[in-house]
1. Around Gly73, with a cut-off of 11 angstrom between Cβ atoms, what is the net charge of the other residues, counting Lys and Arg +1 and Asp and Glu -1?
2. From the convex hull of the Cα coordinates of the chain, what is the mean projected area in square nanometres?
3. Where q = 0.17, 0.18, 0.22, 0.24 Å⁻¹, what log10 of I(q)/I(0) comes from the Debye formula for segment 76-156, counting one point per Cα?
4. Using the heavy atoms of the protein chains alone and a 1.4 angstrom probe, what is the accessible area of the chain per residue in square angstrom?
5. Tell me the label-point distance for the pair Arg60, Ile44, using the 7 Å Cα-to-Cβ offset, in nm and rounded to one decimal.
6. Give me a comma-separated list of calculated 3J(HN,Hα) values for segment 116-132, in order, Karplus coefficients 6.51, -1.76, 1.60 applied at θ = phi - 60°, integers in Hz, x for any Gly or Pro.
7. Residues with beta-carbon under 15 Å from that of Gly391, excluding Gly391: net charge, scoring Lys, Arg +1 and Asp, Glu -1?
8. Report, in whole Å, the centroid distance computed from the Cα atoms of segment 272-306 and segment 90-162.
Amino acid sequence: MEQKHGKGSFWGLVPLLTFLVLYIITGVSTQNFNSMPLMIGILIASAVALMMHRKGEVDRTTFAQRVTKYCVGGGDDGLILMVIVFLLAGGFYGVSKGMHAVDAVTNLGLDILPVKLILPGLFVIGCIISFAMGTSMGTVAALMPIGVSLALKIHGNMALFCGTVVGSAMFGDNLSMISASVIAATRTQDVSMMKKFKTNIAMLLPAIIVNLVLLAMQPVGQGVHLSGNHPYDLLNLLPYILVIVLSFTGMHVILVLTLGILTGVAIGVFHGDFSLVKSMTVIHNGMMSMEDMALIAILVGGLVALMDYLGGIDWIINALTRKIKSAKGGEFAIAGLVSLLDIITTNNTVSIITAGPLAKDIGDQFVISAPRIASDLVTFSCAFNGLIPYGGQLLVAAGLAKISPMQIVPYSWYCLLMLVSSVGFILLSQDREEK
């Protein structure tokens, strides 16, 4: 297939490389990859980009013109829509947490959990919570204490329980309609969440089934009784149910999240969890939890626009695709790009936002359908986020369980199976010619 893009210039990747080098050096030297906030790293890379000129440019742009290019890139309509959705998703999370919807889901699951199927049951509960909440970190924080308690009670393999919870958390991060990762993937590819979900669930169904079978085969739970009271109010489940059902109808995500927030507020006020006036603070605090991600999305949009001007985008696309002859090869290039970015940044949403525009160009070049590109972006980034021992999910799980994150990695079965299933899906499926 004839390539659309010129060779570009490696010079245009200097801003991104600056960010990656600083991030790695800071993380390794401090033994903490959270030492340098992502926003600061991206701001430094942006400053480098603003000071650069395109190689071979006769009439050099002024600094003011480059600032304009940066602002136009950050103000892209798709990016601004993503920012709005991020904020609404945060507001929904804040309300659902404030009205104890997470507690209701967890206690309902424990109430009906078969004792002999503790591990698959724990995985299913986590999948439900993460799909409803749309956040892997929130799921790990909510469910890991229960997983630790169960492991201690039955003298089970703590690392296996941790890996089960982390895997269930990445399930929702990958498939939930209100996950920041899914929002980023679908918005950068301009595809509906429903189309992406249909493709993604087909990609991951083998992984889900095999993981449940493996967990069910583990000899845990004999002679154990899950005693204790697990109270829950079914009414508290309504916001989650509403968001899930409306998402599947194809309703616009802004309307879905708005209705979810309003329903959560009504139930929270009815139960006395907060007053109507206090609910505004609850929503605001939830939105602020997504503030960093929203601002990072805008900054990355501006950085990518300058890298495109400098020739870096064309160079990396040419480097990734020059030996590729098919859509399958294009998909593997996309998977490799977003995986590498996630391993370096430890943030699947940021890696998707960064890789998204490049993936769209590769998809246009090799005629890969938008749902498949979005699925590849979110699946590979989420899988690696549940496997890197210095990532937030494993660090939180290990901290609560008081074990090393490295002990959990071999037991993060679902994340490993996500990679195997996704690679198999690409290899075995026919190249798609429709967009």
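The values are calculated or read from the model by the stated rules, or taken from the named source; none is laboratory data. Quantities reported herein were computed from a predicted structural model and do not represent experimental measurements. Note that each Cβ is placed from the backbone with ideal geometry, even for glycine, and that neighbours are counted across all protein chains shown. The accessibility values were calculated without ligands, DNA or RNA, using every heavy atom of the protein model including side chains. Shrake-Rupley method; radii C 1.70, N 1.55, O 1.52, S 1.80 Å.
1. Working: positive: Arg66, Lys69; negative: Asp76, Asp308.
Neighbour charge sum, excluding Gly73 itself: 0.
2. On the way: hull surface 86.0 nm².
Hull-based average projected area comes out at 21.5 nm².
3. Here the Debye-derived log intensity ratios amount to -0.71, -0.76, -1.01, -1.13.
4. On the way: 18050 Å² over 435 residues.
Accessible surface, normalised per residue, equals 41 Å².
5. Each label point is offset 7 Å from its Cα along the Cβ direction, giving 2.5 nm.
6. Taking θ as phi minus 60°, the curve returns 6, 10, 4, 5, x, x, 4, 5, 5, 4, x, 4, 5, 5, 5, 5, 6 Hz for segment 116-132.
7. Details: positive: none; negative: Asp173, Asp342.
That sum, taken over residues with Cβ under 15 Å, equals -2.
8. Centre-to-centre (Cα) distance: 25 Å.
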